[in-house]
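Only one structure is covered here, and it is reproduced in the block below.
Any read-out appearing in this document is the output of simple, stated calculations on the displayed coordinates, not a laboratory observation. What you see is a predicted model; the values in this text were computed from it and never measured. Positions of Cβ are generated from backbone atoms using ideal geometry, with glycine treated the same way; all protein chains shown enter the neighbour counts.
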Amino acid sequence: MYPEPNISAVAALIGDPTRAAILSALLGGQSLPASELARRAHITAQTASTHLTKLVDGGLLQVRQNGRHRYFSLKNAEVARALEVLAIIAPPSPAPKRKESAEYRELCFARTCYDHLAGTLGVAMIQSFLQQGLLTQSDDSYHLTLHGTDWLAAQGIDESALHKSRRHFTRTCLDWSERQDHLAGALGAALANWLFEQQWVKRVSGTRAVYLTDAGLIGLKREWGIKVDKP
């Protein structure tokens, strides 16, 4: 009989505040160099190196060499999902300073959750998709309707390629700031990429927050009737 998974080992890795800060910085799905992760975690490069080694050895991060630099990212979508679930049950952080409060509002409004869209905007999109009949929901997944299939084809998104990927086609993902589901999985990633390509959303430098452009504000209302107030 096989022993139970060693949850305590993973918990110990994530439980360190510095390593938790590093993991959170990578939750947006980007690959970042050690220097940037050290800056975001407010630690020295040497300290960051020690923590990054532990996270890679522990299977939570992967590293890619590019010339003289090493770029780190989350190991896979499962790691990102585990971190998001922990954020749901985690107690709130101490009251932030004014600048951090603005950053917090930006994160709550729109952010990348690994490779898909989260926050107020992400939840508003999935609610609109359901209301307009592009998707239906059952349990912890969504199902594309004929209307949804036609929309993907019109935008040049290859539905068959998404189904052939090694991940779930669609999956619900509980949003830690909204306490409602947003869209994850291969389709969620494809839609996020489409929004970036349309320049309806743009990344905010130094954070995983996403900025909704004026073109995006108009496009979301025109395409799906989504009306949101930017922070």
Amide proton proximity set for Ala209, modelled H, under 5 Å, gap of 5+: Val204
Would you mind finding the longest exposed-site-free stretch of the chain, with exposed trypsin sites (Lys or Arg not before Pro) meaning DSSP loop and at most 11 other Cβ atoms within 10 Å? 98-165
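Report relative contact order for region 84-215 in percent, whole number only (criteria: Cα-Cα under 8 Å, sequence separation at least 6).
Normalised by residue count, the contact order of region 84-215 is 28 percent.
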Note the full-extension length gain between Ser35 and Arg105 as 0.36 nm times their separation in residues minus their Cα-Cα distance, in nm to one decimal. 22.6 nm
Starting from the Cα of Ala90, step 7 Å toward the Cβ, then list every residue of region 162-181 with an amide N under 12 Å from that point. 176-177
Counting pairs of alpha carbon atoms under 8 Å apart in space and at least six apart in sequence, what relative contact order in percent does region 1-60 give? 33
Any idea how far the Cα center of region 49-77 sits from the one of region 29-45, in Å? 11
When the helices in the chain are scored as -39500 (n - 2.57) per DSSP H run of 4 or longer and the sum is shared across all residues, what 222 nm value do you end up with, to the nearest 500 deg cm²/dmol? -15000 deg cm²/dmol
Could the peptides 130-140, 210-220, 116-126, 185-195 be put in order, highest first, of the mean number of other beta-carbon atoms found within 10 Å of their residues? 116-126, 185-195, 210-220, 130-140
Along region 212-218, what does the Karplus equation 6.51 cos²θ - 1.76 cosθ + 1.60 (θ = phi - 60°) give for ³J(HN,Hα), rounded to whole Hz, x for Gly and Pro? 8, 6, 4, 5, x, 4, 6
Pairwise centroid distance, computed over Cα atoms, of region 172-227 with region 5-22, Å: 29
Amide H of Leu135: which non-local residues (sequence gap of 5 or more, or other chain) have their own amide H closer than 5 Å, using H built in the peptide plane? Leu130, Thr145
Quote the relative contact order of the chain in percent (integer), defining contacts as alpha-carbon pairs under 8 Å separated by 6+ residues. 18
Roughly how large, in nm² to one decimal, is the mean projection of the convex hull of the alpha-carbon atoms in region 1-111? 8.6
So, with points 7 Å from each Cα along the Cβ direction, the Gln180-Ser160 label distance in nm works out to 3.6
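Give me the net charge of Leu13's neighbourhood, meaning all other residues with Cβ under 12 Å from the Cβ of Leu13; Lys, Arg count +1, Asp, Glu -1. If you can, show how the numbers build up before the last one.
On the way: positive: Arg19, Lys54, Lys75; negative: Asp16, Asp57.
Surrounding charge for Leu13 is +1.
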Between Asp57 and Asp139, the two model label points (7 Å from Cα along the beta-carbon direction) sit apart by a distance in nm of 4.0
